[in-house]
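A quick write-up on the structure given underneath.
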Amino acid sequence: MTLKLSPLDAAHRALGAKMTEFGGWDMPLNYSAGTLAEHRACRTSAVAFDVSHLGTVRVAGPGAFDALQRALTNDLGKVEPGRCQYTHSLDVDGSVADDIIVWWRSAEIFDVMPNASNTDRIVGALQALGGDGVTVEDVGATRAVIAVQGPQARSMLSAVMPEAAAVGRFRCIDVDFDGTTIVAAGTGYTGEDGLELAVPVDRAADVWRAVLSVGIEPAGLGARDTLRLEAGLPLHGHELGAGITTLNAGLEWVVSWTKGDFIGRDALAAQKEAGVSPILRGLSVEGKRPPRADMAVMSGEQRVGTVSSGNFSPMLEHGIALAFLDPGIEVGADVALDARGTLLTAKVVDLPFITKAG
Amino acid sequence: MDTPAELRYSSDHEWIRVEESKVRVGITDFAQDNLGDVVFVQIPEVGAVVKSGDSFSEVESTKSVSDIYAPVDGTVVEVNELLESQPELLNSDPYGDGWICVIEISDPTQVDGLLDAAGYQALTGD
């Protein structure tokens, strides 16, 4: 399979990035600073990620709002044009087909942003629902997306892109960059303040250069993963996916029970009635050894769950994990992880592991 | 990548420095670069009897876990305990302070079967 290349591919190679395959794309895993340094820079200063591998599916027309209300779990009626919303797309059995950010650009234009590997599936699902008065178009190839994240993201970026740097949290606005319109959204995936910029492909390298020119360091997908893990944020394919509902992942706040029907609602309602099992929890692990996905979680001799994601926490300097556990295993419980025969001591903790600076 | 000429190498990306009847063992610059940031090293125990090709240590990076294979038969006589608190030494100084252990070698002729620097560079395409 030929990997897709980001519009910023040449810039990454010029920076000496180590590249990796992710969702069918060849993307930076880390730059010369390395994953740990990039992670810490995001928690203490600001970094920039190329996230052009995310999809952008433009859903437009007078029927777009109703189609998305049917397709997605959250209630767009709680927000308005110029706002962003985190939401899920479910299969009829309640499995999370994808987790998505919607940028509500203007009254009848929505930019739906799925994960890279799910974009084609989401385009198909939305087209199937579409009907009259709705167009569904994959516009991912027309733009790059640059995420600028960290407690100083806005203050540093304001030197070169003051309008974009001022975008409100979970808001999206059109801003001018040197004669080109770009979209700035107050969204991200690190647990820090920051924003994401959607930039027409032909200006992507210029914006990337401008962002780095103020001392914001580039960061790769390695740091993006350890950052989202510390922030307790789910990754599709690990905490969300086939056989895992929004409720299993502990994300009921993403579900509107009052907005009317949506795909997967019946299955979710039945699960809520019957009792949700297993439930996603955080594990704080003793020692530096990173817990890993698929490790068994034990309570004494009894297996009580499975790790879905785990790693070394660069800020806490010990292992952390997300795990699906029997609902009887509550916060505060002592458990153990089976690391290839060695037992790691762990405690069930509240999420997130790290709260935002400031 | 750095591949010092005075060392020998295994095809599993360990380096071996011959010190009389012993060998000092670590992972190569090529290996550390591919692993990414090392966050944990399961150092072997002093006194452990190891056999060439057997896994006797594990190195974990933010990316993955990798077995470290004994390059020769022998007994572990010294380990680098600094790696417990500073596993990043494998990245910053793989041929120096990032050494993993010293093995008292059972059969010194085994060293002749290891790669020299040119052979290792050919293996890694460096």
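The values are calculated or read from the model by the stated rules, or taken from the named source; none is laboratory data. The shown structure was predicted, so the numbers you read here are calculated from the model rather than taken from an experiment. Using ideal geometry, Cβ is built from the backbone for each residue, glycine included, and neighbour counts are taken over all protein chains shown.
Do we have A:S277 as more than 27 Å from A:T190 (Cβ to Cβ) and not hydrophobic (A, V, I, L, M, F, W, C) here?
yes
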Inset, instruction - Consider only pairs whose beta carbons are under 9 Å apart and that are at least six residues apart or on different chains; among these, list those whose first residue lies in segment A:51-72 and is on the phi > 0 side of the Ramachandran plot and whose second residue is of a type in the set (G, A, S). - result: A:G61/A:A67; A:G61/A:G130; A:G61/A:G133
Inset, instruction - Provide a single number: the residues in segment A:259-313 that are in contact with a strand residue (DSSP E or B) (Cβ under 6 Å, 6 or more places away or on another chain) and part of a loop (DSSP other than H, G, I, E, B). - result: 12
Legend entry - Any chance A:G61 is surrounded by fewer than 19 Cβ atoms within 10 Å (Cβ to Cβ), small (G, A, S) and not assigned by TED's automatic domain parsing to the domain that holds A:V148: yes
Legend entry - When residues of segment A:278-316 are limited to those that are away from chain B (no Cβ under 14 Å) and closer than 16 Å to A:P234 by Cα, the one surrounded by the fewest Cβ atoms within 10 Å (Cβ to Cβ): A:T306
Inset, instruction - At least 3 residues that are buried (at least 21 other Cβ atoms within 10 Å of the Cβ) in each: list the strands (runs of 3 or more DSSP E) lying fully within segment A:143-185 that qualify. - result: A:143-149, A:180-185
Legend entry - Elements of type strands (runs of 3 or more DSSP E) in segment A:317-358, at least 1 residues being of a type in the set (S, T, N, Q) and either away from every other protein chain (no Cβ under 14 Å) or over 26 Å from the mean Cα position of the chain (by Cα) (or both): A:342-349
Inset, instruction - Would you check if there is a residue in segment A:200-213 being in a loop (DSSP other than H, G, I, E, B) and crowded, with 19+ Cβ neighbours inside 10 Å? - result: no
Legend entry - Residues of segment A:7-27 that turn out to be out of contact with any His (no Cβ under 7 Å at 6 or more places or on another chain) and either buried (at least 20 other Cβ atoms within 10 Å of the Cβ) or more than 14 Å from chain B (Cβ to nearest Cβ) (or both), as a count: 12
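Of these, A:V92, A:V96, A:V112, which one is in contact (Cβ under 8 Å) with a residue 40 or more places away in the chain and part of a loop (DSSP other than H, G, I, E, B)? Please lay out each step first, then the result.
Values: A:V96 fails: part of a loop (DSSP other than H, G, I, E, B); A:V112 fails: part of a loop (DSSP other than H, G, I, E, B).
Sole residue among the options that is in contact (Cβ under 8 Å) with a residue 40 or more places away in the chain and part of a loop (DSSP other than H, G, I, E, B): A:V92.
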Inset, instruction - For B:K63, work out the one condition from (1) more than 24 Å from A:M19 (Cα to Cα); (2) modelled with pLDDT under 95 it doesn't fulfil. - result: (1)
Inset, instruction - Can you confirm whether segment A:219-233 contains a residue that is surrounded by fewer than 19 Cβ atoms within 10 Å (Cβ to Cβ) and free of Cβ contacts under 8 Å to residues at least 60 places away in the same chain? - result: no
Inset, instruction - Could you grab me the full set of residues in segment B:24-55 that are crowded, with 23+ Cβ neighbours inside 10 Å and either assigned to a loop (DSSP other than H, G, I, E, B) or without any contact (Cβ under 8 Å) to a residue 24 or more places away in the chain (or both)? - result: B:T28, B:D37
Inset, instruction - Scan segment B:55-86 for residues that are within 28 Å of B:D107 (Cβ to Cβ) and either of a type in the set (G, A, S) or within 13 Å of chain A (Cβ to nearest Cβ) (or both) and jot them down. - result: B:S55, B:S57, B:E58, B:V59, B:S66, B:D67, B:A70, B:G74, B:L83
